[in-house]
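S.K.: The structure under discussion is supplied below as structure tokens; questions concerning it will follow.
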């Protein structure tokens with residue numbers, strides 16, 4: 001009895017895989033106007049990074065109920081790790097650990113879109129350029145939009161400055177949230193700081209390649225590609241109480257004082273969350289350190 | 001109220017179709033088509049029955065057009081005569097003259113005319129350019145990150161500049177500028193459709209641009225509606241949705257061959273000098289970064305949406321050209337039958 005059920009299940013799965021391959025081969029799949037290929041992201045790209053999320057970083061999430069299930073929201077998180085793996089892990093967290101399997105639409109630096117492969121992978125996984133038009137458009141469509149307002153200052157900071165929140169850009173993200181009337185969900189990511197401890201910077205080479213920095217870590221560039229293996233730190237991702245913007249007038253997005261104040265408020269909350277979560281996690285490399 | 005319509009660029013497919021549709025409209029008395037060469041006859045490939053359209057051979061770069069407009073008491077002008085690729089005889093300079101000087105002459109004549117009440121100009125979404133700094137979706141008021149610096153796109157943005165100037169000076173005339181995405185359909189012959197009819201599709205390595213198409217039937221319908229009703233302003237025209245270049249290649253059953261961008265550019269230039277499909281720098285950029293436009297303004301103004309989505313327009317094109325041999329899908333079906341059957 002159970003044999004046939006298993007057989008049926010396996011057959012069903014096989015048929016599904018074949019149907020998937022057929023769609024991929026014949027191009028009969030949908031992408032949205034941003035180039036987001038939901039099927040490819042779920043079945044292939046996230047599948048590749050899930051082991052990293054579950055087993056390598058042993059990521060735990062907290063406060064997922066603060067992320068709305070259907071409507072739009074703006075997730076504002078700290079940025080760290082030399083390479084932006086925190087964005088990918090946040091994406092897995094919201095897709096796998098949120099009951100409504102939300103797709104994260106990150107706003108990325110234009111540097112990403114200048115590079116071959118990187119730019120189109122970024123679009124296929126749902127991300128787009130950090131600009132006002134795209135942010136407004138995604139929020140209006142009720143999507144979960146993610147931003148790292150620290151930008152390169154955050155992701156590229158030296159290991160000695162870990163968990164020190166940098167300045168929060170110009171507050172453009174806050175203005176977008178006000179225009180769309182969606183809540184801002186502050187988010188703290190603990191663990192990314194330790195994956196590639198940046199202890200030096202090859203400034204000269206970085207400039208030659210047009211990069212914001214070229215890190216020296218304990219493993220890179222000494223061990224070549226092996227240096228790209230992230231250290232297995234313990235990760236925690238926490239989502240805080242949403243900060244409402246629907247009580248404000250969309251026209252308030254043009255009031256710089258209000259936008260600055262709200263930006264500061266969000267930054268303070270993220271900072272507080274970050275400290276709490278870091279305390280809660282304890283050592284970065286349990287059970288060794 | 002009777003109408004006399006002037007349509008420029010009737011020697012080409014969409015222009016001829018617009019002229020023919022307007023000639024069938026009982027509300028319109030006369031349709032005068034102008035171009036430098038006569039439209040293809042019905043017996044030849046791509047011929048369209050032109051009905052009552054009267055053809056006048058006029059070089060738009062000459063002031064003769066003013067006489068045509070004055071003599072016939074034209075009240076509606078549909079300006080379709082924008083060419084996207086240099087003609088076989090002559091080069092880029094001739095193309096630019098045709099596009100820009102031609103438009104200036106036409107608008108100059110319209111400004112003098114006491115009868116012209118409505119001007120519809122065909123433009124292109126290429127005016128937005130295509131770069132990694134641009135938003136994913138352009139609305140009509142978007143400023144391009146890098147304004148087009150050469151070729152067709154530059155012509156089109158200059159043409160639009162003159163059209164805006166004309167609209168300012170003649171506020172009593174309803175001026176509609178239509179920014180079309182790439183035309184697609186059985187009768188369309190453009191650098192892009194020729195690109196898709198190659199046996200092997202060279203693509204730029206590491207890029208998979210988002211493309212948008214507008215079906216020729218929808219393009220003709222939009223132009224017709226704009227010609228018979230007042231809808232002043234600038235409108236993006238494109239089919240719903242987007243297709244990635246990789247999707248297009250798979251749907252058309254084409255083998256794509258990714259090459260690094262310098263090689264792609266070189267191939268484009270070689271092909272052009274050999275008189276085959278050529279790719280200009282702005283098309284190379286399109287093949288890297290793609291371009292998508294928002295069409296809300298158009299559907300709001302017309303209360304109508306294009307019948308063909310981007311995917312349907314492309315499907316119609318590959319169906320008409322008999323491109324979809326369906327080898328991959330047939331293979332996939334065979335495998336799935338043999339495994340599950």
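The values are calculated or read from the model by the stated rules, or taken from the named source; none is laboratory data. Computed from a predicted structure; not experimentally measured. Neighbour counts run over all protein chains shown; Cβ positions are idealised from the backbone, glycine included.
S.K.: Which of the following residues is over 20 Å from residue A:240 (Cα atoms) and touching a strand residue (DSSP E or B) at 6+ places or on another chain (Cβ under 8 Å): A:86, A:97, A:110? Give the derivation first.
M.R.: Values: A:86 fails: over 20 Å from residue A:240 (Cα atoms); A:97 fails: over 20 Å from residue A:240 (Cα atoms).
Going through A:86, A:97, A:110 in turn, the sole match is A:110.
S.K.: Restricting to region B:225-248, and then to whatever is part of a loop (DSSP other than H, G, I, E, B) and away from chain A (no Cβ under 11 Å), can you tell me which residue is surrounded by the most Cβ atoms within 10 Å (Cβ to Cβ)?
M.R.: Residues of region B:225-248 that are part of a loop (DSSP other than H, G, I, E, B), as a first pass: B:229-232, B:238-242.
Now restrict to residues that are away from chain A (no Cβ under 11 Å): B:229-232, B:239.
Details: B:229: 12, B:230: 12, B:231: 19, B:232: 15, B:239: 26.
Checked region B:225-248; the qualifying residue surrounded by the most Cβ atoms within 10 Å (Cβ to Cβ) is B:239.
S.K.: Among the numbered criteria (1) modelled with pLDDT under 95; (2) touching a strand residue (DSSP E or B) at 6+ places or on another chain (Cβ under 9 Å); (3) within 14 Å of chain B (Cβ to nearest Cβ); (4) crowded, with 16+ Cβ neighbours inside 10 Å, which single criterion is violated by residue A:81?
M.R.: Checking residue A:81 against (1) modelled with pLDDT under 95; (2) touching a strand residue (DSSP E or B) at 6+ places or on another chain (Cβ under 9 Å); (3) within 14 Å of chain B (Cβ to nearest Cβ); (4) crowded, with 16+ Cβ neighbours inside 10 Å, the one that fails is (3).
S.K.: Could you list all residues from region A:81-98 that are under 13 Å from residue A:236 (Cα atoms) and touching a helix residue (DSSP H, G or I) at 6+ places or on another chain (Cβ under 7 Å)?
M.R.: Of everything in region A:81-98, those that are under 13 Å from residue A:236 (Cα atoms) and touching a helix residue (DSSP H, G or I) at 6+ places or on another chain (Cβ under 7 Å) turn out to be A:86, A:89, A:92, A:97.
S.K.: Let me ask something else about it. I'm trying to understand the selection: among the residues of region A:118-138, which are facing chain B (nearest Cβ under 9 Å), closer than 22 Å to residue A:43 by Cβ and crowded, with 23+ Cβ neighbours inside 10 Å?
M.R.: A:119, A:120, A:123, A:128
S.K.: Among the strands (runs of 3 or more DSSP E) contained in region A:23-129, which hold 3 or more residues that are closer than 30 Å to residue A:287 by Cα?
M.R.: On the way: elements: A:60-62, A:73-77, A:104-108.
Where strands (runs of 3 or more DSSP E) fall fully within region A:23-129 and carry at least 3 residues being closer than 30 Å to residue A:287 by Cα, they are A:60-62.
S.K.: While we're on this one: When region A:229-255 is examined, which residues are found to be more than 20 Å from residue A:73 (Cβ to Cβ), in contact (Cβ under 8 Å) with a residue 60 or more places away in the chain and out of contact with any strand residue (DSSP E or B) (no Cβ under 7 Å at 6 or more places or on another chain)?
M.R.: Within region A:229-255, A:230, A:232, A:233, A:234, A:254 meet the criteria.
S.K.: Another question, if that's okay. Looking only at region B:147-173, count how many residues are more than 21 Å from the chain's Cα centre (by Cα) and part of a loop (DSSP other than H, G, I, E, B).
M.R.: Kept after step one, since they are more than 21 Å from the chain's Cα centre (by Cα), are these residues of region B:147-173: B:165-173.
Next cut, part of a loop (DSSP other than H, G, I, E, B) only: B:170-173.
Number satisfying all stated conditions: 4.
Results for (1) at pLDDT below 95; (2) surrounded by 15 or more Cβ atoms within 10 Å (Cβ to Cβ); (3) within 12 Å of another protein chain (Cβ to nearest Cβ), shown as yes or no for each residue.
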| residue | (1), (2), (3) |
| --- | --- |
| B:250 | yes, yes, yes |
| B:255 | yes, no, no |
| B:258 | yes, yes, yes |
| B:274 | yes, no, no |
| B:277 | yes, yes, no |
| B:300 | no, no, no |
| B:315 | yes, yes, yes |
| B:322 | yes, no, no |
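S.K.: Which condition breaks for residue B:222 when tested against (1) touching a residue at least 12 places away in the same chain (Cβ under 8 Å); (2) surrounded by fewer than 23 Cβ atoms within 10 Å (Cβ to Cβ); (3) part of a helix (DSSP H, G or I); (4) away from every other protein chain (no Cβ under 14 Å)?
M.R.: Every condition holds for residue B:222 apart from (2).
S.K.: Does residue A:266 meet the test of being farther than 18 Å from residue A:61 by Cβ and touching a helix residue (DSSP H, G or I) at 6+ places or on another chain (Cβ under 8 Å)? Give the derivation first.
M.R.: Values: farther than 18 Å from residue A:61 by Cβ: yes; touching a helix residue (DSSP H, G or I) at 6+ places or on another chain (Cβ under 8 Å): yes.
Yes, satisfied.
S.K.: A further question on this structure: In region B:193-207, which residue that is within 15 Å of residue B:248 (Cα to Cα) and free of Cβ contacts under 8 Å to residues at least 60 places away in the same chain is surrounded by the most Cβ atoms within 10 Å (Cβ to Cβ)?
M.R.: Of everything passing the filter in region B:193-207, B:201 is surrounded by the most Cβ atoms within 10 Å (Cβ to Cβ).
S.K.: Considering region B:111-122 alone, what residues qualify as being within 25 Å of residue B:14 (Cα to Cα), in contact with a helix residue (DSSP H, G or I) (Cβ under 9 Å, 6 or more places away or on another chain) and surrounded by fewer than 24 Cβ atoms within 10 Å (Cβ to Cβ)? Show your work before the answer.
M.R.: First pass over region B:111-122, keeping only residues within 25 Å of residue B:14 (Cα to Cα): B:116-122.
Cutting the leftovers down to in contact with a helix residue (DSSP H, G or I) (Cβ under 9 Å, 6 or more places away or on another chain) gives us B:116, B:118-122.
B:116, B:118, listed by residue number.
S.K.: If you don't mind, there's one more thing I want to ask. Residue under question is residue B:57, and the condition is that it be within 30 Å of residue B:272 (Cα to Cα) and in contact (Cβ under 8 Å) with a residue 12 or more places away in the chain; does it hold?
M.R.: On the way: within 30 Å of residue B:272 (Cα to Cα): yes; in contact (Cβ under 8 Å) with a residue 12 or more places away in the chain: yes.
So residue B:57 passes the test.
Yes/no per residue for (1) surrounded by 13 or more Cβ atoms within 10 Å (Cβ to Cβ); (2) away from every other protein chain (no Cβ under 14 Å); (3) under 17 Å from the mean Cα position of the chain (by Cα); (4) closer than 23 Å to residue A:129 by Cα:
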{"position": "A:16", "(1), (2), (3), (4)": "no, no, no, no"}
{"position": "A:23", "(1), (2), (3), (4)": "yes, no, no, no"}
{"position": "A:27", "(1), (2), (3), (4)": "yes, no, no, no"}
{"position": "A:31", "(1), (2), (3), (4)": "yes, no, no, yes"}
{"position": "A:35", "(1), (2), (3), (4)": "yes, no, no, yes"}
{"position": "A:38", "(1), (2), (3), (4)": "yes, no, yes, yes"}
{"position": "A:61", "(1), (2), (3), (4)": "yes, yes, yes, no"}
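S.K.: Ok, one more. Does region B:83-101 contain any residue that is part of a loop (DSSP other than H, G, I, E, B), without any contact (Cβ under 8 Å) to a residue 12 or more places away in the chain and more than 28 Å from residue B:288 (Cα to Cα)?
M.R.: Looking only at region B:83-101, we keep the residues that are part of a loop (DSSP other than H, G, I, E, B), and these are B:83-91.
Going one step further and asking which of them are without any contact (Cβ under 8 Å) to a residue 12 or more places away in the chain, we end up with B:86-87, B:89-91.
Those still in the list that are more than 28 Å from residue B:288 (Cα to Cα) too: B:89-90.
There is at least one residue in region B:83-101 that is part of a loop (DSSP other than H, G, I, E, B), without any contact (Cβ under 8 Å) to a residue 12 or more places away in the chain and more than 28 Å from residue B:288 (Cα to Cα).
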